[in-house]
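Below is one structure, written out as structure tokens, with a few remarks after it.
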Amino acid sequence: MSENAPVDSPVGSSSSTKRKPMVIITIGMAGAGKSTFVQRINSYLHSLDPPSPPYILNLDPAVTNVPFEANIDIRDTINYHEVMKQYNLGPNGGILTALNLFTTKFDQVLGLVEKRAETVDHVILDTPGQIEIFTWSASGAIITDAVASSLPTVVAYIIDTPRTTAPATFMSNMLYACSILYKTKLPFILVFNKTDVQPHDFAIEWMHDFEAFQQALSSHRGTTDDEGEPTYMNSLMNSMSLVLDEFYKHLTAVGVSSMTGAGMKEFFDAVEASRTEYENEYLPELQRARAAREQTLQAAKEDSMNRLMKDLAVDRARNPDAALHDRWDPEAEEDADDDDTELNIIDRSEEAWPGQYIDVTKMRRRDDEGMTWPRPG
């Protein structure tokens, strides 16, 4: 590389060899501000000089409006209300089933993303509001593993900062973040959102200073019983804070405001640092797992082939005349009908044609929007 080559910026690559785009999977509790956060980082990337528009995927089939224009929208493929109607499901079951159906076409999504890999620096996934639907479902694991096996990936766990000022709520968020980290094994960023309402300094202090969290816990209401003794919940959170101490040491945390845009630069600095972590830790482990799986599959194929050849040898020895007629005629084969030949995933970044463009900032009309759903009781 030339000595005069420009240095890479935190949110893009200016080197001669185009790096793969960084995938950001946004996960968080309902109401944490995931979609607003995606809108803010989308706006931030558009405001750069030169602009670096991301490639956005909306994976929430039940959302009515999104504050950004998604390149691929699950709602263009799956009708959430129709899924509820056809499968007799409630809201959460409808979201889960819609995501499962969309996952069956995710190879097409990856194909569209890889086509744009040379022109974008970031791919952003906005997940459903119900966090457990994505993090603990088979479809969420398939999507995460499929994306992470193709492109550098980081998980951004969005936290509602004003609602974590209570030690119990803070500890619940940290435990959930820890479980997602060890489940995905991907680079992980804690994003304390809504810092314009509540600064996240207290959370950083609690993560790095065990005694500060103990003091906050002891002064909080409900941590002692009528006799002044620590309650069971107080003792449990004390123990959990000790367990999570090692977890905090290897965790990146940033504070952002999706309303004002504060902290966006720090967030993308953390994203770029996660690229190195992905290449040094996750990718080698992925390659080892692939090699072991391929070796196992190859051994199984060889074993099956050996047993087949032995069976054929025995059959030919017993029926020599029948073996003469056992020949494959390629001209007699008919092409099997493939129901998946039609491309069902819509890429909105392609040139729009009349009637194709949908303004996602407005509520879209649904065929069953006038339906009255029965209520229990």
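Failed condition for Val120, given (1) assigned to a helix (DSSP H, G or I); (2) open to solvent by less than 40 Å² (accessible area, probe 1.4 Å), with all others met?
Unmet for Val120, out of (1) assigned to a helix (DSSP H, G or I); (2) open to solvent by less than 40 Å² (accessible area, probe 1.4 Å): (1).
Restricting to region 40-62, and then to whatever is of a type outside the set (A, V, I, L, M, F, W, C) and over 24 Å from Gly111 (Cβ atoms), can you tell me which residue is nearest to the chain's Cα centre (by Cα)?
Ranking the candidates gives Arg40 first.
With respect to Ala98, determine if the residue is buried (at least 23 other Cβ atoms within 10 Å of the Cβ) and at pLDDT below 95.
Yes, satisfied.
Any chance you could count how many residues in region 153-173 are in a helix (DSSP H, G or I) and more than 21 Å from Ser35 (Cα to Cα)?
Selection size over region 153-173: 6.
Residue pairs, Cβ under 7 Å, 6 or more apart or interchain, first in region 63-88 and under 23 Å from Leu110 (Cβ atoms) and assigned to a helix (DSSP H, G or I), second modelled with pLDDT under 90 and not acidic (Asp, Glu). List them.
Hits for this filter: Asp76/Ile346.
If I go through region 37-53 residue by residue, how many of them are open to solvent by 60 Å² or more (accessible area, probe 1.4 Å) and at pLDDT 95 or above?
Qualifying residue count, region 37-53: 0.
Residues checked against (1) closer than 27 Å to Pro67 by Cβ; (2) touching a His at 6+ places or on another chain (Cβ under 8 Å); (3) hydroxyl-bearing (Ser, Thr, Tyr); (4) open to solvent by 10 Å² or more (accessible area, probe 1.4 Å):
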residue	(1), (2), (3), (4)
Leu125	yes, no, no, no
Gly140	yes, no, no, no
Pro162	yes, no, no, yes
Pro167	no, yes, no, no
Lys183	no, no, no, yes
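May I ask you to list pairs of residues, at least six apart or on different chains, whose Cβ atoms are under 7 Å apart, with the first in region 191-218 being free of Cβ contacts under 8 Å to residues at least 60 places away in the same chain and the second being in a loop (DSSP other than H, G, I, E, B)?
Every condition considered, the pairs that remain are Gln198/Thr165; Phe202/Thr165; Leu217/Thr223.
Can you confirm whether Gly261 is open to solvent by less than 30 Å² (accessible area, probe 1.4 Å), at pLDDT 85 or above and on the phi > 0 side of the Ramachandran plot?
Answer is yes for this residue.
Quick one: which of Val254, Val271, Val197 is under 29 Å from Val123 (Cα atoms), open to solvent by less than 20 Å² (accessible area, probe 1.4 Å) and not in a helix (DSSP H, G or I)?
Testing whether each residue is under 29 Å from Val123 (Cα atoms), open to solvent by less than 20 Å² (accessible area, probe 1.4 Å) and not in a helix (DSSP H, G or I) leaves just Val254.
Tell me, which residue of region 143-174 that is charged (D, E, K, R) and within 30 Å of Trp206 (Cα to Cα) is modelled with the highest pLDDT?
Step by step, filter region 143-174, then rank; the result is Asp160.
Polar (S, T, N, Q), within 17 Å of the chain's Cα centre (by Cα) and surrounded by fewer than 18 Cβ atoms within 10 Å (Cβ to Cβ): is that true of Thr104 in this structure?
yes
For Val154, are the conditions met, namely being buried (at least 20 other Cβ atoms within 10 Å of the Cβ), touching a residue at least 40 places away in the same chain (Cβ under 8 Å) and over 16 Å from the mean Cα position of the chain (by Cα)?
So Val154 does not fit the description; no.
The values are calculated or read from the model by the stated rules, or taken from the named source; none is laboratory data. Quantities reported herein were computed from a predicted structural model and do not represent experimental measurements. Note: ideal-geometry Cβ built from the backbone for every residue, glycine included; neighbour counts use all protein chains shown. For the accessible areas, the whole protein counts, side chains as well, though only heavy atoms, and no ligand, DNA or RNA atoms are used. Shrake-Rupley method; radii C 1.70, N 1.55, O 1.52, S 1.80 Å.
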